[in-house]
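The values are calculated or read from the model by the stated rules, or taken from the named source; none is laboratory data. Just so it is clear, the model here is predicted, and its values are computed rather than measured. Note that each Cβ is placed from the backbone with ideal geometry, even for glycine, and that neighbours are counted across all protein chains shown. SASA here: full protein model, heavy atoms, side chains in, ligands and nucleic acids out. Shrake-Rupley method; radii C 1.70, N 1.55, O 1.52, S 1.80 Å.
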Amino acid sequence: MALSAQQIPRWFNSIKLSSFINATQLTKCYTRPGKTLLHGFSAHPQMSSDNCFLQWGFKTYRTSSLWNSSQSTNLTSQENNSTQSTLLPSMNEQSQKTQKIPPNFDSELSLEGLDDLPPLSPLQPVSEEEAIQIIADPPLPPASFTLRDYVDHSETLQKLVLLGVDLSKIEKHPDAANLLLRLDFEKDIKQILLFLKDLGIEDNHLGTFLTKNYAIFSEDLEDLKTRVAYLRSKNFSKADIAQMVRNAPFLLNFSVERLDNRLGFFQKELELSVKKTRELVVRLPRLLTGSLEPVKENMKVYRLELGFKHNEIQHMITRIPKMLTANKRKLTETFDYLHNVMNVPHHIIVKFPQVFNTRLFKVKERHLFLTYLGRAQYDPAKPNYISLDKLVSIPDEIFCEEIAKASVQDFEKFLKTL
């Protein structure tokens, strides 16, 4: 039955009293200074009962509203039951199964109170079973001599390894290792990789390139594009630039001013044309990135110590650009043996400058074997002439068969006598 108008105030006062008693009991059980236990209720022991009653007014009103809605639901259910009593038993049972259970207000209050309870202390003891279930990542070392300790925690290092970068070589340079750890792959590295691919660096060369020139990640992308544009303005083709960057990874790290000064130096010092200068640096791009001291020193050696003329020097270095950066001692020893022991004149040596790239002991072994056989003849004006190119460039089998006219076994036996 529904409540009468006189019974409603009496019921409302009883609800407020029971709510106040419940709040007082919770305060005694969970009192902690300054901690909020329930929504709208602070556990301060100095708080008066009137204040507590006012704070719980909103929750009491909510509880009474819920109770009224529940009562109206129950009344409606009773009316439905009375109406459904005339139905068949099967229909009546089915309707009873579909009825909802009214909410439990005590459980609602208790759950709200548990939500506001203080969290567990981190110093609370943990059982052995709970401790076994705890999975904690190992902490990163504050300092390390290897990048291996950081690979599992760094997406940047993981992707560089997939590209073929050798971190074991980079970690030998602490500044480079610190640089890679600070970089973000998407923001700092990806755009450089796309630039290199557009430049013509193949995927299988990226790892080797970045292992040598990890400092390119510290370069501004616009500066890199400006340097490429400068080389294109000097009529270097895209294929030429890609070849130069592969063979001299640090090429794009140098400013436009330095690149321009280097090209001007070789053109002026060697008195080469623009085309010859361009072909020279394409074949040996390290001339633009390395030191100029070995170049200047070798130019003096060719002119003053070895006695070559300027046009002869031009011919040799355009054929073999490495002669500009070759070791001075190796140059002088090779020339001394060719000119003073084998009696090869300057103009013959100029025609075959590749002899300076050959190991001297190989030249000695073959020349001594030909001398033993009586076939050491290097003058093109005489019969049985042997060019310096064939002397140093062909393998032992062909040398013995075509030049020495002997077997490989005889050549090996002779070498044992040296």
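Quick notes
- With a simple spin-label model that places each label point 7 Å from the Cα along the Cα-to-Cβ direction, the separation between TYR337 and PHE414 comes to 1.5 nm.
- Extension gain for the segment GLU402 to GLU297, taken as residue separation times 0.36 nm less the Cα-Cα distance, is 33.9 nm to one decimal.
- For the stretch 207-321, the solvent-accessible area works out to 49 Å² per residue, with a probe of 1.4 Å and every protein chain left in place.
- Part-to-part distance (alpha-carbon centres) for the stretch 308-379 and the stretch 386-416, which is given in Å: 18 Å
- With a simple spin-label model that places each label point 7 Å from the Cα along the Cα-to-Cβ direction, the separation between LEU194 and ASP223 comes to 2.1 nm.
- The stretch 346-403, relative contact order [Cα under 8 Å, separation at least 6], %: 31 percent
- Straight-line reach from LYS330: taking Cα to Cα under 18 Å and skipping same-chain neighbours fewer than 8 places apart, the lysines in range are LYS296, LYS300, LYS322, LYS362, LYS364.
- Full-extension gain in nm, GLN124 to VAL256, via 0.36 nm per residue minus C-alpha separation: 41.0 nm
- Net charge contributed by nearby residues that have their C-beta within less than 9 Å of LEU263 (K/R +1, D/E -1): +2
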